[in-house]
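Novice: Got a structure for you, written out below as structure tokens; questions coming shortly.
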Amino acid sequence: STYIENLSIPLDKKILCQQYFKSILGGYSHLFIEKLMKQFSTSSNICLPLLHKWEDGKTRIDNLVIISHPDDAERICKNHIKKTPIFTSFLFDSLISTTDNHHWKQQRDEMNIAFVPMLSLRRIFPISQQRANLCSSFLKEISHNYTQPINMSEFFLHETQAQLQLSMFGFSEEFQDATNKKIRNAFSGIHTEYTQEFSRLALQETQKSDGPLSKLFDGKLTQTNIGNILIYAFAGHDTTGHTLTWLLYELCKHQEYKQELIREIDNYWSNHETPTYKTFNELPFMTRCLTETLRLWPALANGTYRELESDETIHGIDGTSVNVPKGTYCQIINWTRHRNKELWGEDADIFNPHREFTDSEIWNHKGFGTFSVSSERYSPFTYGPRNCIGKNFSHMEMRLILLYIFKSFDFALSELQMETVDDPKYKGFNTFTMGPKSVYENELVGMYAHVIPRSSKL
């Protein structure tokens with residue numbers, strides 16, 4: 001790593017490198033970066049020395065430029081498509097991890113068909129709807145007849161994994177039951193070797209199923225296939241599960257918003273016996289709640305990573321221009337821009353679904369749409385052309401799950417969970433994705449709430 005004037009943090013490099021690496025291991029790197037930026041400007045770009053093993057398993061220390069200035073974030077993403085090799089050791093040359101732009105485009109072009117709203121998503125909608133209906137019936141049992149709080153993070157992560165397997169892959173209920181918990185445990189660091197078995201079994205299962213994603217695989221144990229089956233199994237459920245968890249957490253903190261959402265959901269059910277894809281535009285407040293959750297609690301707080309494909313000029317610490325050479329690793333971070341008071345106002349750290357979003361940040365300020373919401377200050381699914389391919393499926397299943405669970409239930413934070421509400425340090429546990437840190441010492445991620453049966457107003 002080298003010192004870049006007006007970009008590198010002017011602290012002892014050895015200590016800075018140790019502190020930054022410790023924050024990554026401890027799940028608070030987003031807060032560490034935010035703290036450094038606040039010494040200068042919340043819109044600063046900064047450079048940190050990053051200790052990593054991204055290439056060939058060799059330990060290195062390289063410059064990592066953290067892009068948080070709104071004028072630079074989208075431009076870097078769109079003009080420099082090449083990913084850093086951050087995921088290649090685990091996900092090989094999959095869609096999300098390949099550093100070969102041509103290979104990425106080839107995969108993206110082939111896989112887009114699986115997520116076309118009016119073709120693929122509309123076709124699997126009934127499967128997703130059936131699972132959402134079924135999952136709400138589990139709440140009575142796992143709460144021991146409503147007598148004990150349950151880990152809603154675990155519930156949502158389980159259900160989004162089930163949604164992914166049953167609808168997008170078309171896997172059998174038996175396969176989903178057998179692998180759901182195991183693969184999620186492996187992703188969280190428990191028996192990580194199971195990822196190898198899951199890859200083999202899932203690729204075999206794609207040859208027996210007809211979901212939109214299964215059609216993309218030939219069943220062969222190539223590195224590309226293994227990487228893609230794993231990234232769909234992880235990113236296809238984890239980010240969505242965390243978003244639902246954070247939303248429920250905020251709704252329980254803000255009773256007025258929760259009741260407003262329930263009223264909208266009750267009104268929806270009074271007009272529709274069964275949800276349909278084309279009627280999601282009748283849920284504008286739900287859309288606002290999801291949009292605000294993705295801003296305040298971005299599941300990908302780290303954002304995305306790029307390698308500069310040519311020399312670039314960006315804003316330095318003091319706001320003036322700095323030249324950065326080709327080959328530099330960059331991280332376009334979401335956390336700091338999404339909570340930047342210069343960009344969002346003094347209530348940037350407060351959940352407010354009625355805040356003013358720009359036209360590009362929320363679908364027509366109404367219901368369900370299909371373009372990638374983003375702006376210079378907001379990029380929950382990152383920017384095109386390498387934005388999240390599964391964003392529309394995520395939004396579809398979140399709406400279905402919310403419709404069904406709030407149709408019959410209300411929720412309240414557990415006594416221990418309530419202690420986090422006014423804790424300024426309670427700002428997420430950030431590994432690859434960011435979930436709520438558990439209130440119990442024997443687990444990393446969790447959010448506990450009471451399930452309360454409600455008398456429907458229908």
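Novice: Any lysines with Cα under 17 Å of the Lys53 Cα? List them, leaving off those in the same chain fewer than 8 positions away.
Specialist: Lys22, Lys83
Novice: Which aspartates and glutamates have a Cα lying under 18 Å from the Cα of Lys208, excluding residues fewer than 8 positions away in the same chain?
Specialist: Cα-Cα hits under 18 Å: Glu173, Glu174, Asp177, Glu197, Asp218.
Novice: Tell me the accessible surface of Asp12 in square angstrom (1.4 angstrom probe, heavy atoms of protein chains only), to the nearest ten.
Specialist: Result for Asp12: roughly 90 Å² accessible.
Novice: What stretch of the chain, leaving out the sites themselves, is the longest with no chymotrypsin sites (Phe, Trp or Tyr not before Pro) in a DSSP loop having at most 12 other Cβ atoms within 10 Å?
Specialist: 4-370
Novice: Whole angstrom only: what separates the Cα centroid of the range 345-398 from the Cα centroid of the range 33-56?
Specialist: Distance between centres, Cα-based: 25 Å.
Novice: Defining a contact as two alpha carbons under 8 Å apart and six or more residues distant in sequence, what relative contact order in percent does the range 1-109 show?
Specialist: 20 percent
Novice: How large, in percent, is the carbon and sulfur part of the accessible surface of the range 368-458 at a probe radius of 1.4 Å?
Specialist: On the range 368-458, the fraction of accessible area on carbon and sulfur atoms equals 54 percent.
Novice: Related question: Report the FRET efficiency, 1/(1 + (r/R0)^6), for Asp349 and Glu309, where r is their Cβ-Cβ distance and R0 is 35 Å, rounded to 0.05.
Specialist: Plugging the Cβ-Cβ distance into 1/(1 + (r/R0)^6) gives 0.50.
Novice: Put a dot 7 Å past each Cα toward the Cβ at Ile452 and Asp266; how far apart are the dots in nm?
Specialist: In this crude label model, Asp266 to Ile452 measures out at 1.3 nm.
Novice: Identify the trypsin sites (Lys or Arg not before Pro) of the range 206-274 meeting these criteria: DSSP loop state and at most 15 other C-beta atoms within 10 Å of the C-beta.
Specialist: In loop regions of the range 206-274 (DSSP not H, G, I, E or B), the sparsely surrounded trypsin sites (Lys or Arg not before Pro) are Lys208, Lys220.
Novice: Shifting gears a bit: Mean projection of the alpha-carbon convex hull of the chain over all orientations, in nm²?
Specialist: 20.7 nm²
Novice: Rounded, prolate or oblate: pick one for the range 33-187, where a ≥ b ≥ c are the square roots of the eigenvalues of its C-alpha gyration tensor, a/c under 1.5 means rounded, and failing that, prolate if a/b is larger than b/c, else oblate.
Specialist: Prolate, because a/c is 1.5 or more and a/b exceeds b/c.
Novice: Considering only Cα-Cα distances, which of the following residue pairs are longer than 20 Å: Lys253/Lys427; Lys278/Lys366; Lys366/Lys427?
Specialist: From the list (Lys253/Lys427; Lys278/Lys366; Lys366/Lys427), the Cα-Cα distance tops 20 Å for Lys366/Lys427.
Novice: May I ask you to list the aspartates and glutamates whose Cα is less than 19 Å away from that of Lys407, ignoring any residue fewer than eight positions away on the same chain?
Specialist: Counting by Cα, and skipping residues close in sequence, Lys407 has these aspartates and glutamates nearby: Glu141, Glu159, Glu250, Glu256, Glu260, Glu264, Asp266, Glu273, Glu282, Glu397.
Novice: Give the long-range amide H neighbours of Ile67: residues separated by 5 or more places, or on another chain, with amide H under 5 Å away, using H modelled in the peptide plane at 1.01 Å from N.
Specialist: Under 5 Å from the amide H of Ile67: Gln331, Ile332, Ile333.
Novice: Express in nm, to one decimal, how much length is gained between Leu221 and Asn133 on full extension, taking 0.36 nm for each residue of separation and deducting their alpha carbon distance.
Specialist: That pair, Leu221 and Asn133, stretches by 28.2 nm at full extension.
Novice: Assuming 0.36 nm per residue, please report the length gained on full extension of the stretch Met118 to Glu415 beyond their Cα-Cα distance.
Specialist: Contour length minus Cα-Cα distance gives 102.5 nm.
Novice: Test of understanding: what is the full-extension gain from Lys13 to His365, defined as 0.36 nm times their sequence separation minus their Cα-Cα distance?
Specialist: 122.1 nm
Novice: Thr274 label point, 7 Å along Cα→Cβ, cut-off 16 Å on backbone N: hits in the range 402-446?
Specialist: Answer for this model: 404.
Novice: Next up: Are there any trypsin sites (Lys or Arg not before Pro) in the range 397-439 that are in a DSSP loop and have at most 14 other Cβ atoms within 10 Å? List them by number.
Specialist: Those that pass, being in a loop and sparsely packed, are Lys425.
Novice: Could I ask something else about it? Given an 8 Å cut-off on Cα distances and at least 6 residues of separation, report the relative contact order of the chain as a percent.
Specialist: It rounds to 23 percent for the chain.
Novice: Can you give me the accessible area per residue for the range 149-291, using a 1.4 Å probe, in Å²?
Specialist: In whole numbers, the range 149-291 has 37 Å² accessible per residue.
The values are calculated or read from the model by the stated rules, or taken from the named source; none is laboratory data. Keep in mind that this is a model prediction, so the values were computed, not measured. Please note: Cβ atoms are built from the backbone with ideal geometry, for glycine as well, and neighbour counts cover all protein chains shown. Ligands, DNA and RNA are excluded from the accessible area calculation, which covers all protein heavy atoms including side chains. Shrake-Rupley method; radii C 1.70, N 1.55, O 1.52, S 1.80 Å.
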